[in-house]
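Below is one structure, written out as structure tokens; the observations come after it.
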Amino acid sequence: MAQTTLDELRQLLTPRGVICGADETARYLQDWRGIFRGQALAVLRPGSAGEVAGALAICQRAGIAVVPQGGNTGMVGGSVPSTDAPTALLSLERLDAIREIDTIDDTMTVEAGCILADIQAAAREADRLFPLSLGAEGSCRIGGNIATNAGGVHVLRYGMTRDLVMGLEVALPDGTLWNGLRRLRKDNTGYDLKQLFIGSEGTLGVVTAAVVKLFPRPREHVVALLAIPEPAAALTILGRLRQATGDRVAAIELMMRVGIDISIRHVPGARDPLEAPYPAYLLVELATPRADEGLAALFEGLLPELMEAGLVLDGTIAANEAQAESLWALREGITEGLQHEGIQLKHDVSVPVSRIPAFLAAADEAVARVSEAVRIVAFGHVGDGNVHYNLILPARLDAAGTEALREPLTHAVYDTVSAFDGSISAEHGLGQLKAREIARYKTPLELALMRRIKQALDPDGLMNPGKVFADG
Ligand code: FAD
Ligand code: 2HG
Ligand code: ZN
């Protein structure tokens, strides 16, 4: 980076806001799984939306690419530089103020660097719920959630991040700051511009703040682990639960036995709450904002019928918060546990909910045709059609053997997804991991429209090059 550009950035951001030393920048330049590593001329840490915009203007004038970063918990290498272009990594971590909570509009205005768990806690203190919830909520930041259109465990009930955002403030690549911090539930004045930025993975601009929706806080919830004979039972159980509880299903997560075993192996203190192992499990959470609905009794009343029908083989209902947390730990622990199980190929995919059982059977067959030694760890948000179809490669493989399997396995999974009218990225985005693959699964028209939008907003191609579009 030319000294004059560096001086300009230091003057704008104060010396504390520009980091160049290898030791200090290292943690920003690699993802949490240690798979993606990149290089940057500097890490920028602006302290306000105005500073973000100013930094983008300086970078654009100097032809420097910008990679935005929130909590760096992404799964697809989106927040780490991936090209040789002169690049600045722009961390939003200092923009962490909650600007306003309005309990009449039921909104919260937050800066992009707010940690998701802090937003949830602030909502709770205001006797409200911010329903976005995912395993990384203690580290991920709302700007990153918005940029990836994060999903998580409550999508079934509250929708994706895109459904939870009412307004955005965005710094555009040329340094213009767009204030779209509206809190309107109805606004049909042309294109919904905020939706362009939600899920754009930092390729169109930098989200600096957002207005998010709040909901009534649940007063009663039920958390249970149910053993089921096969994934198909999950769909019947979901239908029955929705009907019987008046749609109070807040989460329903599918795990195959292998996932429970991984959590038991790696989550400290984890144990199997049931006496025998079963083929598959559902983690169910019911929640209601009313205190007098008797959800627990409703659920307990339904269980004998589900067991008689052979849909539920065994189960346990959490008797208190600690038990609920330990059941959730079995589910949330799978991702971290997988890190210790060997080389993984992660596939975050979705198919129509009704097709999940057939998809799983077909994908297992397709994978076995490539290699019978691969371990399949499928789990996920069954209520919204999202399966995390992870593959663990055999430990005996050397680097060449691993590489030889990577593409055939990925195509076996994604081609099956495609045959089931699914998506090769349900909630994690494309980042750099899937930027090349997407050309195989989206239509030429869709790809061309995406490129036109990119060209219109970022004509110099400086925003997060190499992400979403492979050519950067
Ligand atoms: P980062 O990883 O820092 O960035 C992600 C992308 O957003 C990058 O492309 C980056 O350039 C861009 N970006 C970040 N901030 C901004 C900004 N302010 N403006 C513009 N672009 C920006 N994801 C789910 O969807 N559902 C889950 O259930 C889920 N569970 C997870 C569980 C674990 C244990 C882990 C480690 C991750 C999980 N994830 C999940 C993935 C990840 O947490 C989400 O993608 C999250 O939304 C990323 O937020 P972040 O702040 O870490 O973003
Ligand atoms: C989850 O739902 C995350 O836990 C991560 O989306 C999934 O590890 C994975 O593949
Ligand atoms: Zn997930």
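The values are calculated or read from the model by the stated rules, or taken from the named source; none is laboratory data. Not measured: the values here are computed from a predicted model. Neighbour counts are summed over all protein chains in view; Cβ atoms, including those assigned to glycine, are modelled from backbone coordinates with ideal geometry.
Observations on the structure shown:
- Complete set of residues in the stretch 97-137 that are touching a strand residue (DSSP E or B) at 6+ places or on another chain (Cβ under 7 Å) and part of a loop (DSSP other than H, G, I, E, B): 97, 103, 106, 112, 113, 114, 126, 130, 131
Here's the yes/no breakdown for (1) among the hydroxyl-bearing types (Ser, Thr, Tyr); (2) on the phi > 0 side of the Ramachandran plot:
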site	(1), (2)
399	no, no
404	no, no
416	yes, no
429	no, yes
437	no, no
440	no, no
461	no, yes
465	no, no
469	no, no
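- Residue that is surrounded by the fewest Cβ atoms within 10 Å (Cβ to Cβ) [pool: residues in the stretch 1-37 that are hydrophobic (A, V, I, L, M, F, W, C) and in a helix (DSSP H, G or I)]: 22
- Test: residue in the stretch 20-39 that is on the phi > 0 side of the Ramachandran plot, free of Cβ contacts under 8 Å to residues at least 12 places away in the same chain and small (Gly, Ala, Ser): yes
- Every residue from the stretch 38-70 that is hydrophobic (A, V, I, L, M, F, W, C) and part of a helix (DSSP H, G or I): 49, 52, 53, 55, 56, 57, 58, 59, 62
- Tally of residues being free of Cβ contacts under 8 Å to residues at least 60 places away in the same chain and more than 14 Å from ligand 2 (Cβ to nearest atom) across the stretch 344-362: 2
- The residue pairs whose first member lies in the stretch 192-215 and is within 16 Å of ligand 3 (Cβ to nearest atom), whose second member is at pLDDT 95 or above, and whose beta carbons are closer than 6 Å, counting only pairs six or more residues apart or on different chains, are 199/149.
- Of all residues in the stretch 139-166, those satisfying the criterion of being under 18 Å from residue 216 (Cα atoms) and either near ligand 1 (Cβ under 7 Å from one of its atoms) or among the basic types (Lys, Arg) (or both) are 153, 157.
- Members of the stretch 445-469 found to be hydrophobic (A, V, I, L, M, F, W, C) and either under 18 Å from residue 53 (Cα atoms) or surrounded by fewer than 17 Cβ atoms within 10 Å (Cβ to Cβ) (or both), listed by number: 445, 447, 448, 449, 450, 453, 456, 457, 462, 463
- Entirely in the stretch 368-472, the helices (runs of 4 or more DSSP H) that have 2 or more residues that are more than 25 Å from the chain's Cα centre (by Cα) and either away from ligand 1 (no atom under 16 Å from the Cβ) or in the same structural domain as residue 57 (by the TED database) (or both): 399-419, 444-457
- Residue among 314, 364, 348 that is modelled with pLDDT of 95 or more and within 16 Å of ligand 3 (Cβ to nearest atom): 348
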